[in-house]
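No lab work stands behind these numbers, since they all come straight from the coordinates. The model shown is predicted, which means the values in this text are computed figures rather than measured ones. For neighbour counting, all protein chains shown are included, and Cβ atoms are generated from backbone atoms with ideal geometry for every residue, glycine included.
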Amino acid sequence: MATPPPFKLEETLSTIDRLIALEPKTLCYGHFGCYGNAVERLWLARSKLLTWYEIVGSATREGRTAEEILVLLRGKDRDLDYLDSLGPDAYRREHDLLINTISGLSQSAHENG
């Protein structure tokens, strides 16, 4: 598994805010295609990022592991229910990506108090 790059919450939020200000009609995701309702999707991403950052930061301060935090997130974020429909190989890939994400958020939350 790759080490997550340093995550910088304020820079990420600033980037999302700049994108929102452009009022795009379409948002394209690498490997996943393009979708309408771009501004709505950006606001959703911003909101989810803040929610996950808060959950991961709090759990990190409590001493929880990335695996424990993933279980916690799955209980709070219904968008992760898709994991239940994946086959073993796809699940492992998604699991590793989520653990990597949690690790990056956790490191950032730890460094930023």
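What the table shows:
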| read-out | value |
| --- | --- |
| Anisotropy class of segment 3-113 from Cα gyration tensor, a/c 1.5 cut | oblate |
| Highest-MSF residue in the chain out of S47, S85, S14 [GNM, Cα springs under 10 Å] | S85 |
| Cleavage-rule hits (GluC sites (Glu not before Pro)) in segment 37-71: DSSP loop, at most 10 neighbouring Cβ within 10 angstrom | E62 |
| Estimated vicinal HN-Hα couplings, Hz - segment 35-43 in sequence order (Karplus 6.51, -1.76, 1.60; Gly, Pro = x) | 9, x, 6, 4, 5, 4, 5, 5, 4 |
| Listed residue (P6, H95, A66) projecting farthest to the positive dipole end of the chain, Cβ model | P6 |
| Note, ³J(HN,Hα) from phi for segment 46-57, Karplus 6.51, -1.76, 1.60, rounded to Hz, x at Gly and Pro | 4, 5, 5, 4, 5, 5, 4, 4, 5, 5, 5, x |
| FRET efficiency, 1/(1 + (r/R0)^6) with R0 25 Å, evaluated for V71 and L97 via beta carbons | 0.95 |
| Simple Cβ-charge dipole of the chain, Lys/Arg +1 and Asp/Glu -1, about Cα centre, in debye nearest 20 | 160 debye |
| Length released on extending from A45 to D17, taking residue separation times 0.36 nm less the Cα-Cα span | 9.0 nm |
| Computed [θ] at 222 nm, helices only, for the chain once each DSSP H run of length n ≥ 4 contributes -39500 (n - 2.57) | -21500 deg cm²/dmol |
